[in-house]
Amino acid sequence: MRRSRAEKAETHERILDAAACRIRAHGPEGLSISELMKAADLTHGGFYKHFGSRDALIQAAVARAAAARTGLFSEETQAGGPEAVRKVVGRYLSEGHRDNIAAGCAIAALAGDVSRQPDPQLSGPVRELAERGFAQMNAAFGGDAATEEDAVFAWCAMLGALTLSRVFRGEARSGEILDIARRRIVAMAEAKASADDASEGADGADR
C-alpha cells in the first residue's frame, strides 16, 4: 500500500511537471489532457485519479510553472551592482531562454493568458512571481528605495524584450532586441553605480 501511494504521488508530480511545461508552451487553452496523458504513457481515464477536472489541472499547472525557479537570480547576483545586473540579464535575455518557452519564465509565457482570466487562482501565482522578480531585480541594482523604479522598469523591459524576440525568432531582429535590451539595462546599472561613487566622493570631500 505504501508503495502504491508513493507511485501515485510520483505519477501525480510527473503529470503536473509535464502540464507546467505544456501550459507555458501552448497556454491554458492549448493544454490537451489526452496528449498530456499520452506523453506521460498513461491512459486518459487515469487523469481523474489525480485531478478532478481540467480546470483543476490548469490551476495547479500555472502555480507549478510560476513556482519553478530557473536560477536567474542566484545568490551570486544578490551582491548588487552592474556585474550582478549583467549576469541576470545575460541569462534571462539569452537565445537559449528565448527558444525554450516550455522551461522558461512563466510570466513571459502566461501573462497574456492569465490577464484575460478573472480567476485569481490563475493570475495570483503569476503576480506573486512578478513581485518576486521586482524585489530580486532591485537587489541586483543595489537594493535601496532609490533603485526600485529602475528595477521595475528593467524587469518590465526584460519581459517585453524576451516576448518580442520570440515574435521575431528566426530573424536578425530577434537577436538585436535581446542585445539592445541587455546593453541598455546594464548601462542603467553602471550609471547608477557611477552616480553613487560620485556622491560618496563628494560626501568624503565635504568632511
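The values are calculated or read from the model by the stated rules, or taken from the named source; none is laboratory data. Keep in mind the model is a prediction, meaning the values are calculated, not measured. Because the Cβ atoms are built from the backbone with ideal geometry, glycine has one as well, and the counts that use them run over all protein chains shown.
Identification of helices (runs of 4 or more DSSP H) wholly contained in the stretch 31-146 with 3 or more residues that are outside the structural domain of residue 195 (by TED's automatic domain parsing) yields 33-39, 54-67.
Residues are listed down the side, and each one gets a yes or a no for (1) at pLDDT 90 or above; (2) in contact with a Gly (Cβ under 8 Å, 6 or more places away or on another chain):
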site: 5; (1), (2): no, no
site: 17; (1), (2): yes, no
site: 21; (1), (2): yes, no
site: 24; (1), (2): yes, yes
site: 43; (1), (2): no, no
site: 56; (1), (2): yes, no
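One residue stands out among those in the stretch 18-38 that are without any contact (Cβ under 8 Å) to a residue 40 or more places away in the chain and loosely packed, with under 15 Cβ neighbours inside 10 Å: the one that is nearest to residue 107 (Cα to Cα), which is 30.
Anything in the stretch 121-140 that is under 17 Å from residue 23 (Cα atoms) and either surrounded by fewer than 18 Cβ atoms within 10 Å (Cβ to Cβ) or among the basic types (Lys, Arg) (or both)? List them, or say none.
Quick first cut of the stretch 121-140, residues under 17 Å from residue 23 (Cα atoms) only: 121-127, 129.
The answer is 121, 124, 127.
So, residue 15, is that one of a type outside the set (S, T, N, Q) and either surrounded by 17 or more Cβ atoms within 10 Å (Cβ to Cβ) or in contact with an Asp or Glu (Cβ under 9 Å, 6 or more places away or on another chain) (or both) or not? Against the criterion (of a type outside the set (S, T, N, Q) and either surrounded by 17 or more Cβ atoms within 10 Å (Cβ to Cβ) or in contact with an Asp or Glu (Cβ under 9 Å, 6 or more places away or on another chain) (or both)), residue 15 qualifies. Cβ-Cβ distances below 9 Å connect the following pairs, each with a first residue in the stretch 96-118 that is surrounded by fewer than 17 Cβ atoms within 10 Å (Cβ to Cβ), a second residue that is of a type in the set (S, T, N, Q), and a separation of six or more residues or different chains: 103/70; 112/163; 115/123; 117/123.
For the subset of the stretch 147-177 comprising residues that are at negative phi and outside any helix (DSSP H, G or I), which member is farthest from the chain's Cα centre (by Cα)?
To start, the set of residues in the stretch 147-177 that are at negative phi comprises 147-169, 171-177.
Of the ones still in play, those that are also outside any helix (DSSP H, G or I) are 168-169, 171.
Numbers: 168: 20, 169: 19, 171: 24 Å.
For the stretch 147-177, the residue satisfying everything is 171.
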